[in-house]
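Asks: Handing you a structure now.
The values are calculated or read from the model by the stated rules, or taken from the named source; none is laboratory data. Here the structure is a predicted model, which is why all the values come from computation and not from measurement. Heads up, the Cβs are rebuilt from the backbone with ideal geometry, glycines too, and the neighbour counts pull from every protein chain shown.
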């Protein structure tokens, strides 16, 4: 019995929230509004959003958002309905990505933008989440975060989802 306790304590000490990821155990309809995206140089951006069980595509998908007629409302990216067009019920892989948000690892990151590729007009994945329901705060992260393996892996997942559903 003491050995079992020791092993459990050892496993708990070796597993950070970033390594394990924090699964959101909420019902589908109560998952947080979440934006997945890919931001790059020269106004090349693409976003999808999970909100109330539905998948949305940004209103300017495929257009350069640095042009005046194609501007997203950055002050309220997640909840300004003018930014979004409904696609339909959210596919299971999008729901699973919202549930798998590694919030523990993400909130530990002090520099929330880490995209060296942007200097050469490249791009990086983006994730944002509304915390605390409607009217709650919005937290977002943009980059590859290679020094955080679990976050980097999640950001690759985000990039794959945006490529799959963002066009």
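Asks: Tell me, which residue of the range 74-95 that is under 12 Å from the mean Cα position of the chain (by Cα) and part of a helix (DSSP H, G or I) is nearest to residue 152 (Cα to Cα)?
Replies: It comes out as 94.
Asks: Would you pick out the residues in the range 112-167 that are crowded, with 18+ Cβ neighbours inside 10 Å, assigned to a strand (DSSP E or B), on the phi < 0 side of the Ramachandran plot and at pLDDT 85 or above?
Replies: 124, 125, 126, 127, 128, 129, 130, 141, 142
Asks: Restricting the search to the range 45-72, which residues are touching a strand residue (DSSP E or B) at 6+ places or on another chain (Cβ under 7 Å) and part of a loop (DSSP other than H, G, I, E, B)?
Replies: 53, 59, 61, 65, 72
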